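The numbers here are math on the coordinates, done by the rules we state, and not lab data. Only a predicted model underlies this, so the values are computations on that prediction, with no experimental measurement involved. We place every Cβ from the backbone using ideal geometry, glycine too, and count neighbours over all the protein chains shown.
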């Protein structure tokens with residue numbers, strides 16, 4: 001079963017997709033990373049597996065192309081975290097248990113969200129652990145009045161997002177979280193070398209061999225999802 005939903009946030013809307021195979025009282029909310037979206041393979045395939053295991057799954061876009069949705073250049077981590085809180089509030093009375101899963105910058109979005117304590121467990125997939133490193137990858141485009149990163153294409157972010165990348169401390173937020181939490185790191189990502197630093201915070205952490213930041217390699221995504229399910233069920 002699939003339902004398309006629009007959650008109002010002022011004059012704009014958050015575009016969501018709710019999936020379930022049969023009625024469930026357990027909801028997994030997936031949060032994508034910077035420049036990502038709800039239909040990336042890591043989220044779409046996770047949805048397929050999780051609903052088979054008895055969970056309802058909610059995917060949503062922090063920004064998208066619909067005329068009444070947020071646009072990425074208008075957003076900051078604070079904006080994204082506030083919108084996640086709206087999503088959690090929308091569903092909290094409909095489910096007995098909610099679980100949060102964040103990929104990349106979706107990790108800090110969850111950690112800085114004021115409604116995070118309402119989740120039963122949190123799983124972070126190769127979360128952005130040092131936001132200043134990400135900030136330095138952007139240069140200011142005077143013509144657009146936006147910050148841009150050149151990769152396979154050009155990605156723009158606004159002034160507030162760029163400022164928060166330099167100001168917010170993800171590791172400090174990790175130390176404050178009381179909800180059971182586990183972090184999966186990709187061996188080939190820049191964050192893998194910080195495994196011991198995370199473990200020192202008494203946070204469960206595991207590295208998946210041969211994986212890159214997006215868990216694209218053969219067999220890697222399957223291992224990621226298995227580790228996630230094992231944690232949620234424990």
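Working ranking of peptides 3-10, 169-176, 223-230 by packing, defined as the average number of other Cβ atoms within 10 Å per residue, highest first, is 223-230, 169-176, 3-10.
Calculated on the Cα set of segment 53-106, radius of gyration then Dmax: 12.6, 37 Å. Put simply, when 100-108, 183-191 are sorted by average Cβ atoms within 10 angstrom per residue, most first, you get 100-108, 183-191.
Would you list 137, 70 from fewest to most Cβ contacts within 10 Å?
Details: 137 13, 70 21.
Ascending Cβ contact count within 10 Å gives the list 137, 70.
Directionally averaged projected area (the chain, Cα convex hull): 12.4 nm². For segment 1-80, pairs of C-alpha atoms spaced more than 21 angstrom apart make up 29 percent of the total. Size of segment 149-234: Rg and Dmax of its alpha carbons, in Å, are 15.4, 41.
In segment 116-199, the C-alpha radius of gyration followed by the widest Cα-Cα span (Dmax) gives 15.3, 45 angstrom.
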